[in-house]
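Beneath this line is the structure, given in structure tokens, with notes to follow.
The values are calculated or read from the model by the stated rules, or taken from the named source; none is laboratory data. Note that the structure is a prediction, hence the values are computed from the model and not measured. No Cβ is skipped: glycine too gets one built from the backbone with ideal geometry, and neighbour counts run over all protein chains shown.
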Amino acid sequence: MHTMALCMFMLVSSRLGSLNALEKCRYGRLWRRYGVAGRLPGADQLGRVAARLPARDVRRQLKKVYHTLKRRKALRPASHENLFALVVDGHESSASYRRCCKDCLTRRINKNTPQERIQYYHRLVMGVLVCKRFTLLLDAEMQLKGEDEVCAAERLLGRLLQEYPRAFDLVVADGLYARAPFFKTVRAAGKHVIAVLKDEGRELARDVLGLCTTLTPRSLNTETTKRQVWDIEQLTSWPQAGMPVRVVRSLETTVVKRQNGGKPEARTTQWMWVTTIPARQLPTEPLLDIGHSRWCIENNAFNELVTYWHADHVYKHDVNAILVFWLMTMLAYNVFHAFFFFNIKPPLQNRLGKYRVAACVRADLLMMDVPARLRSP
Ligand SMILES: [Zn+2]
């Protein structure tokens, strides 16, 4: 089982993208170092093992990376308020009209039309710790049949609170999570929550927008963005939450240049967050930074995992195998980023960039020697 786990880890860290590609690399130097050169398991065997490998074994390794970094004081909060934020978000890892398994989620496309079809998909929720120099991927949970994303996120959060009780102070999430049960779960654990507030007919949002017409906003401009901000506490127009909440609204204007050499154009976007954390604990400006940090899970985590780490590749269509490979990829991502940010000096980091360093690591992993029997005399 150890060899299998090693192979899976090598597969995702070398970003090969398929089990068959791994089979072709059985004479790599690194395999010899681990004593498995030339006798790597086949693609089918690896897939079968991934379907049976307990996800908790990979999660344990993720936890070890966290504790190692923590012990070496490598993890610093991104905000000046010394608060660690955990970003929780969902991701659809695969979708197909033809391939399905017994655990596939389903949805109807082109509903009630002659073209109506059933699509099969898998979705997972990931928890990411936002740190000063990088994002650490902590854990993931599959969304199961009959439940929605927030339900899976609550299960993930329950485990994170148990396994990483002091790792984070705040949970940051998108508009889907602005629900009373989620807020109550987070508060019951002694943490605070920040969620995007959408203004789609919610009484709370309507109240805030009404109040904003009577209150003077603060200007909290950055180098590139003009921000008009309202920060309102003790709002009671969301009684289901069971506690007064705070809402921060920011109108952000940025000058963007139109494509094809067009004139610069000012674009304004509205942001609103609903939160349980009081202003004395987290003032307006850092709250805006943390609120926007939710995008780091999109930009730094999901995008990179999918684009460069082949995280969405279905190595084996089985819900446990999908989760195990995803967790393995998270582990490889964390180890690589810890190496890049803490073992390579900053000038060299800038000169080489992550992708050239990754290419060097990959080359080292896959460096092939020609087996003796194939060498020319
Ligand atoms: Zn499936």
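Quick notes on this one:
- Top-ranked residue of the stretch 244-259 - restricted to ones that are surrounded by 13 or more Cβ atoms within 10 Å (Cβ to Cβ) and among the aliphatic types (A, V, I, L, M), ranked as nearest to residue 286 (Cα to Cα): 248
- Within the stretch 83-116, the residues that satisfy the criterion of being more than 16 Å from the ligand (Cβ to nearest atom), farther than 20 Å from residue 158 by Cβ and assigned to a strand (DSSP E or B) are 108, 109.
- Test: residue 99 is under 18 Å from residue 134 (Cβ atoms), over 20 Å from the mean Cα position of the chain (by Cα) and surrounded by fewer than 20 Cβ atoms within 10 Å (Cβ to Cβ): no
- Selection of first residues in the stretch 137-151 that are in contact (Cβ under 8 Å) with a residue 12 or more places away in the chain and buried (at least 23 other Cβ atoms within 10 Å of the Cβ) and of second residues that are part of a loop (DSSP other than H, G, I, E, B) and not small (Gly, Ala, Ser), restricted to Cβ pairs under 8 Å at least 6 apart or on distinct chains, gives the following pairs, ordered by first then second residue: 138/164.
- Pair list, Cβ under 9 Å, 6 or more apart: the stretch 64-77 residue modelled with pLDDT of 95 or more, other residue surrounded by 18 or more Cβ atoms within 10 Å (Cβ to Cβ) and of a type in the set (Phe, Trp, Tyr): 66/164
- Inside the stretch 349-375, residues that are at pLDDT below 80, assigned to a helix (DSSP H, G or I) and of a type in the set (Lys, Arg) make up a count of 2.
- Subset of the stretch 122-134 (residues that are basic (Lys, Arg) and assigned to a loop (DSSP other than H, G, I, E, B)): 132, 133
- Only one of 162, 119 that is more than 12 Å from residue 88 (Cβ to Cβ), of a type outside the set (Val, Ile, Thr) and assigned to a helix (DSSP H, G or I): 162
- Among the candidates 74, 50, residue that is out of contact with any Pro (no Cβ under 6 Å at 6 or more places or on another chain), within 23 Å of residue 336 (Cβ to Cβ) and in a loop (DSSP other than H, G, I, E, B): 74
- Which listed residue is closer than 18 Å to residue 130 by Cβ and crowded, with 16+ Cβ neighbours inside 10 Å, from 230, 273, 238, 326: 273
- The single condition from (1) of a type outside the set (Asp, Glu); (2) out of contact with any Asp or Glu (no Cβ under 7 Å at 6 or more places or on another chain); (3) more than 21 Å from residue 185 (Cα to Cα) that residue 142 fails is (3).
- Single residue of the stretch 332-357 satisfying the filter (under 22 Å from residue 46 (Cβ atoms) and out of contact with any strand residue (DSSP E or B) (no Cβ under 8 Å at 6 or more places or on another chain)) that is surrounded by the most Cβ atoms within 10 Å (Cβ to Cβ): 332
- Within the stretch 280-320, tally of residues that are of a type in the set (Gly, Ala, Ser) and out of contact with any Leu (no Cβ under 8 Å at 6 or more places or on another chain): 2
- Hey, residue 199 over 28 Å from the mean Cα position of the chain (by Cα), surrounded by 14 or more Cβ atoms within 10 Å (Cβ to Cβ) and modelled with pLDDT under 95 or not: no
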